[in-house]
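Trainee: A single structure is presented below for examination.
The values are calculated or read from the model by the stated rules, or taken from the named source; none is laboratory data. Just so we're clear, the structure is a prediction, and the values are computed from it rather than from any experiment. Because the Cβ atoms are built from the backbone with ideal geometry, glycine has one as well, and the counts that use them run over all protein chains shown. We work out accessible area using only protein heavy atoms, side chains counted, and drop any ligands, DNA or RNA first. Shrake-Rupley method; radii C 1.70, N 1.55, O 1.52, S 1.80 Å.
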Amino acid sequence: MERADVLVVGAGAAGLMAGAFAGRAGAGRVVLLDGARKLGAKILVAGGGRCNVTHHAVDARAYAGSSPNAIRKVLRRFDVPATVAFFRELGVALKREETGKLFPVTDRAQTVLDALLRANREAGVEVRHPFRVETVEKIEGGFRVMGEWGAMEARRLVLATGGRSLPKSGSDGHGYALARSLGHSITERVFPALVPLVLPDGHPLCGLSGVTVPATLQLRSATGRKMTAFTDSTLITHFGLSGPSTLDLSRYWLDARHDDPGAHVTANWLPGTAPHDLDADLQALGTTVLRFLRERLPDRLARFLLETAGIDPETTGATLTRDGRRALVEAATAFPLPFAGDRGYRYAEVTAGGVPLAELELSTMESRVTPGLHLCGEICDVDGRIGGFNFQWAWASGHVAGVSVVDG
Ligand SMILES: Cc1cc2nc3c(=O)[nH]c(=O)nc-3n(C[C@H](O)[C@H](O)[C@H](O)COP(=O)(O)OP(=O)(O)OC[C@H]3O[C@@H](n4cnc5c(N)ncnc54)[C@H](O)[C@@H]3O)c2cc1C
């Protein structure tokens with residue numbers, strides 16, 4: 001039986017981080033096993049192929065799932081300056097863009113993947129793939145992992161198998177079964193996050209496919225209580241909505257409607273404009289409503305909102321009726337978005353749910369259930385906003401796991 005000191009299952013962002021730091025810390029023989037034929041698929045597709053490595057202002061409140069306090073405990077052990085320094089040391093300089101996102105100066109995700117693989121190589125870590133792990137078991141003095149390729153044993157095991165999003169990358173949720181078989185629970189609900197949302201077939205908004213505008217998407221409970229809102233670029237597509245605002249909102253809508261089927265979303269296409277301000281502007285309007293809207297919105301959306309409100313585009317302020325004005329204010333600032341569902345894991349950037357952080361010792365990411373087992377990355381019940389937050393979780397939790405697998 002082949003034996004290592006540490007086995008890391010999953011060579012994505014979190015596993016590569018854990019491997020590199022385990023190797024550097026002198027954990028002995030460290031072997032990374034990954035089921036994928038091609039390594040690092042998610043790092044390569046991230047950020048449109050540029051890899052949004054992190055965000056300059058990472059805060060636990062930008063995450064959901066486990067409690068912000070628990071998430072913060074891990075994030076502060078390997079923060080953004082530490083991430084920047086780590087990549088710089090590997091020869092990957094990061095640049096900060098206006099949005100606060102950090103990318104490699106090369107604008108190439110491959111640079112990031114190459115650096116992580118090099119860090120593992122230089123730390124003496126063996127990376128093997130395609131080595132899919134089918135089962136794991138606790139044995140005397142460690143763990144045995146098995147797959148079609150055979151079996152291996154180690155005194156410590158790191159599970160970094162990700163979630164269910166983008167299953168063709170190799171992250172198909174099997175890691176949850178592995179964690180369960182070692183005594184962990186998985187949150188009752190596991191669902192796509194950062195995922196485009198679908199409108200009912202034939203919804204008129206889909207006719208504006210291709211239009212991108214800044215908008216505020218507001219989620220409310222059935223009783224009208226404001227739950228959360230995101231203001232960002234919003235892309236109208238042939239199936240519904242995408243773009244950062246929609247992706248950020250998606251997990252909150254999917255979560256809310258599970259308990260409250262009446263939870264609903266509206267769009268304010270004029271973010272920052274309150275209904276009464278728009279109403280006042282329309283009352284004082286010295287021009288046509290179309291011209292007014294076109295100064296603020298793309299032509300197609302402006303015409304669509306007028307049609308929705310039943311107003312002739314050439315109507316002037318003087319001839320706009322009170323009912324017409326109210327209908328237009330509602331269409332522009334509280335446009336109902338009766339989402340029917342989401343685009344699923346194939347299009348989701350992350351997975352909500354997973355192993356609750358309450359089951360881990362957060363200073364080491366070691367299991368409180370099965371000593372010697374560590375978990376890191378997206379397999380944990382942590383999902384972040386768009387903008388580099390999910391990788392930062394992977395770097396931080398992977399680092400904590402990696403430096404903690406040294407015995408004696
Ligand atoms: C299209 C897209 C774009 C994204 N862009 C960004 C971005 O720009 N910035 C950002 O912060 N986040 C982004 N994300 C999210 C980010 O990629 C993930 O949060 C992050 O990769 C999670 O890292 P991980 O190592 O935990 O899991 P993963 O990256 O999913 O890695 C898990 C690894 O485990 C392997 N594995 C799974 N099961 C087994 C098994 N049974 N045996 C062996 N190996 C196994 C898989 O093959 C995979 O390599 C994006 C995600 C997607 C899908």
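Trainee: Identify, please: which residue in the range 220-232 is of a type in the set (Ser, Thr, Tyr) and out of contact with any His (no Cβ under 9 Å at 6 or more places or on another chain) and is, among those, most open to solvent (accessible area, probe 1.4 Å)?
Mentor: This residue is THR223.
Trainee: From the list THR351, THR333, exactly one residue is within 20 Å of TRP269 (Cα to Cα) and β-branched (Val, Ile, Thr). Which is it?
Mentor: THR333
Trainee: Now, a different point. Just name the residue that is farthest from the chain's Cα centre (by Cα) out of those in the range 360-408 that are of a type in the set (D, E, K, R) and modelled with pLDDT of 95 or more.
Mentor: Checking each candidate, the answer is ARG368.
Trainee: Could I ask something else about it? If you take the residues in the range 96-138 that are of a type in the set (A, V, I, L, M, F, W, C) and open to solvent by 30 Å² or more (accessible area, probe 1.4 Å), which one is nearest to the ligand (Cβ to nearest atom)?
Mentor: Among them, the one singled out is PHE131.
Trainee: Any idea which residue in the range 41-63 is farthest from the ligand (Cβ to nearest atom), counting only those that are small (Gly, Ala, Ser) and open to solvent by 10 Å² or more (accessible area, probe 1.4 Å)?
Mentor: The selected residue is ALA57.
Trainee: Assess whether GLY163 counts as being out of contact with any strand residue (DSSP E or B) (no Cβ under 8 Å at 6 or more places or on another chain), near the ligand (Cβ under 9 Å from one of its atoms), within 15 Å of GLY35 (Cα to Cα) and among the small types (Gly, Ala, Ser).
Mentor: no
Trainee: Identify, by number, the condition in (1) of a type in the set (A, V, I, L, M, F, W, C); (2) open to solvent by 10 Å² or more (accessible area, probe 1.4 Å); (3) away from the ligand (no atom under 14 Å from the Cβ); (4) closer than 26 Å to GLU137 by Cα that VAL6 doesn't meet.
Mentor: All conditions are met except number (2).
Trainee: Kindly check whether there is at least one residue in the range 99-111 that is within 26 Å of GLY49 (Cβ to Cβ), of a type in the set (Lys, Arg) and in a strand (DSSP E or B).
Mentor: yes
Trainee: Turning to a different aspect of this structure: Go through LEU235, LEU217, LEU205 for me and flag whichever is buried (at least 22 other Cβ atoms within 10 Å of the Cβ) and either assigned to a helix (DSSP H, G or I) or touching a strand residue (DSSP E or B) at 6+ places or on another chain (Cβ under 9 Å) (or both).
Mentor: LEU217
Trainee: If you check THR288, THR351, which single one turns out to be under 30 Å from CYS376 (Cα atoms) and modelled with pLDDT of 95 or more?
Mentor: Sole residue among the options that is under 30 Å from CYS376 (Cα atoms) and modelled with pLDDT of 95 or more: THR351.
Trainee: Any residue in the range 34-55 that is closer than 29 Å to ALA358 by Cβ and more than 21 Å from the chain's Cα centre (by Cα)?
Mentor: Looking through the range 34-55, at least one residue is closer than 29 Å to ALA358 by Cβ and more than 21 Å from the chain's Cα centre (by Cα).
Trainee: Let me ask another. Would the range 83-92 turn up any residue that is open to solvent by 20 Å² or more (accessible area, probe 1.4 Å), within 14 Å of the ligand (Cβ to nearest atom), outside any strand (DSSP E or B) and of a type in the set (Gly, Ala, Ser)?
Mentor: No; the residues of the range 83-92 include none that is open to solvent by 20 Å² or more (accessible area, probe 1.4 Å), within 14 Å of the ligand (Cβ to nearest atom), outside any strand (DSSP E or B) and of a type in the set (Gly, Ala, Ser).
Trainee: Then there's this: For the range 181-188, check the following and say yes or no: at least one residue is modelled with pLDDT of 95 or more, open to solvent by less than 20 Å² (accessible area, probe 1.4 Å) and within 16 Å of the ligand (Cβ to nearest atom).
Mentor: Taking every residue of the range 181-188 in turn, at least one turns out to be modelled with pLDDT of 95 or more, open to solvent by less than 20 Å² (accessible area, probe 1.4 Å) and within 16 Å of the ligand (Cβ to nearest atom).
Trainee: Next up: Quick one: in the range 11-35, which of the residues that are outside any helix (DSSP H, G or I) and open to solvent by less than 10 Å² (accessible area, probe 1.4 Å) is farthest from GLY173 (Cα to Cα)?
Mentor: In this case the residue turns out to be ALA27.
Trainee: Starting from the range 29-55, keep only residues that are on the phi < 0 side of the Ramachandran plot, then list their pairs with residues that are modelled with pLDDT under 95 and surrounded by fewer than 22 Cβ atoms within 10 Å (Cβ to Cβ) whose Cβ atoms are within a distance under 7 Å, requiring at least 6 positions of separation or different chains.
Mentor: Once the first residue is on the phi < 0 side of the Ramachandran plot and sits in the range 29-55, its partners that are modelled with pLDDT under 95 and surrounded by fewer than 22 Cβ atoms within 10 Å (Cβ to Cβ) give ALA36/SER169; ALA41/SER169; LYS42/LEU166; LYS42/SER169.
Trainee: Scan the range 144-190 residue by residue and report those that are hydroxyl-bearing (Ser, Thr, Tyr) and outside any loop (DSSP other than H, G, I, E, B).
Mentor: Across the range 144-190, the qualifying residues are SER169, TYR176, SER181.
Trainee: If you don't mind, there's one more thing I want to ask. Just to be sure before I move on: is LEU178 out of contact with any Ser or Thr (no Cβ under 6 Å at 6 or more places or on another chain), open to solvent by less than 50 Å² (accessible area, probe 1.4 Å) and away from the ligand (no atom under 16 Å from the Cβ) in the structure I sent?
Mentor: Criteria not met by LEU178.
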